[in-house]
Amino acid sequence: MIFSTTDRLVLRQPSAEDIEPLLELNTDPEVMRYIGNGSVGPADRESTAGIVERYRRSWAENDFGMLSVLTREDGRYAGWVTLAVPTFLPQILPAVEIGWRFHRAQWGRGFATEAATPLLAHAFDTVGLDRVVSIRHLDNERSGRVMEKLGLRHTEETTVPSHGGKVAVYAITREEYAARS
Ligand SMILES: CC(C)(COP(=O)(O)OP(=O)(O)OC[C@H]1O[C@@H](n2cnc3c(N)ncnc32)[C@H](O)[C@@H]1OP(=O)(O)O)[C@@H](O)C(=O)NCCC(=O)NCCS
């Protein structure tokens, strides 16, 4: 199901067609460098199919989740954007996080920012959230730029309990979002 169309991108709910490109994305060490403890994966089709299924369920249950992003030019899978509960960082809960992951070949074209824009609007206008956060590895400045371009501001640095890595947390409130629009 198509969620949104932007100048250059189509955002749709995940489907079984995404399993192969998602597997490719999650096993690229450069893409995964700043995710979790930096290890790649999952690297098998079954777990990747499980991810797609979980996100499909998330849309049904919460009215938010992962969106696959395709280029309008050639319909290719470029990556994804997501709204999810960051359970890996219990000290900031309750919270909903916006995030992104794109194939390396597509970096630097503004796709993450372009794709996250309608999803952030959805978080406030349709889901009715009061605040959206985003979380990045301290060295992931590229992702930090996307957060800033979307209007999120740095709020704190903290540690992920499961692997001890340091992360920066960004946030935007409903009022701040409304003031920008
Ligand atoms: C993070 C990611 C989604 C960014 O995607 P993208 O489509 O390249 O993002 P955009 O083009 O919208 O913006 C990138 C910004 O980072 C800037 N940038 C590029 N390289 C950079 C670097 N080495 N250091 C700092 N900023 C950098 C760009 O100049 C651009 O900012 P600008 O528009 O002000 O010039 C992409 O790099 C990715 O998928 N990385 C791997 C997965 C990941 O780390 N996800 C985020 C986890 S928090």
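The values are calculated or read from the model by the stated rules, or taken from the named source; none is laboratory data. What you see is a predicted model; the values in this text were computed from it and never measured. Cβ coordinates were reconstructed from backbone atoms using ideal geometry, including for glycine residues, and neighbour counts include every protein chain displayed.
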How many residues of the range 161-181 are away from the ligand (no atom under 12 Å from the Cβ) and either over 17 Å from the mean Cα position of the chain (by Cα) or surrounded by fewer than 19 Cβ atoms within 10 Å (Cβ to Cβ) (or both)? The answer is 14
Within the range 141-177, the residues that are among the small types (G, A, S) and touching a residue at least 12 places away in the same chain (Cβ under 8 Å) are S143, G144, G151, S162, G165, A168, A171
Residue set R72, R136; condition within 22 Å of L22 (Cβ to Cβ) and exposed (fewer than 14 other Cβ atoms within 10 Å of the Cβ); output residue R72
Inside the range 88-128, the number of residues satisfying the requirement of being small (G, A, S) and more than 16 Å from the ligand (Cβ to nearest atom) is 3
N62 vs (1) surrounded by 18 or more Cβ atoms within 10 Å (Cβ to Cβ); (2) more than 11 Å from the ligand (Cβ to nearest atom): all pass except (1)
Counting only residues in the range 75-87 that are small (G, A, S) and surrounded by 19 or more Cβ atoms within 10 Å (Cβ to Cβ), the one farthest from the ligand (Cβ to nearest atom) is identified as A78
| Any chance E156 is of a type outside the set (S, T, Y), assigned to a strand (DSSP E or B) and surrounded by fewer than 17 Cβ atoms within 10 Å (Cβ to Cβ) | yes
inquiry  = Tell me yes or no: at least one residue of the range 136-147 is modelled with pLDDT of 95 or more, more than 13 Å from the ligand (Cβ to nearest atom), over 14 Å from the mean Cα position of the chain (by Cα) and outside any strand (DSSP E or B).
reply    = no
